[in-house]
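Readers should treat all values here as calculations from the given coordinates under stated rules, not as data from a laboratory. Note that this is a predicted model, so its numbers are computed, not measured. Glycine also receives a Cβ, built like all others from the backbone with ideal geometry; neighbour counts cover every protein chain displayed.
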Amino acid sequence: MAGTTNGQRRLQSAPATFEIVVQGCLDAHWADWLGDPATQVATVGAGARTTILLPVADQVALLGHLQKLTDLGFPLLLVRRTQDANAQGGHDVY
């Protein structure tokens, strides 16, 4: 099967920025905790949900960040790759 190694699918390896929306309130100090100075955190609706713009090196890094958020009990509402300045096409929603 194309794009596989030993029967397993290869994960995306190109850097990208992801929009992650979680239920609950994360304030700005969480940007440092997520580990990238370019991370942006914004809470909407008195803590009803938080949007995080997170640059990641690859999908392995993305999965690590998603695991951190879910381990803390923040339900994931949306994860999508944002359109990069050099990319063409729409958003990828996961």
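Stretching Thr70 away from Gln83 to a fully extended chain increases their span by 2.2 nm, per 0.36 nm per residue minus the current alpha-carbon distance.
Length gained on full extension, Leu53 to Val21: 10.6 nm, using 0.36 nm per residue less the C-alpha separation. Here the simple spin-label model places points 7 Å from the Cα toward Cβ, and for Ala14 and Leu63 these points are separated by 2.0 nm.
Net charge of the neighbourhood of Ala31, taken over other residues with C-beta under 15 Å away and scored Lys/Arg +1, Asp/Glu -1, is -3.
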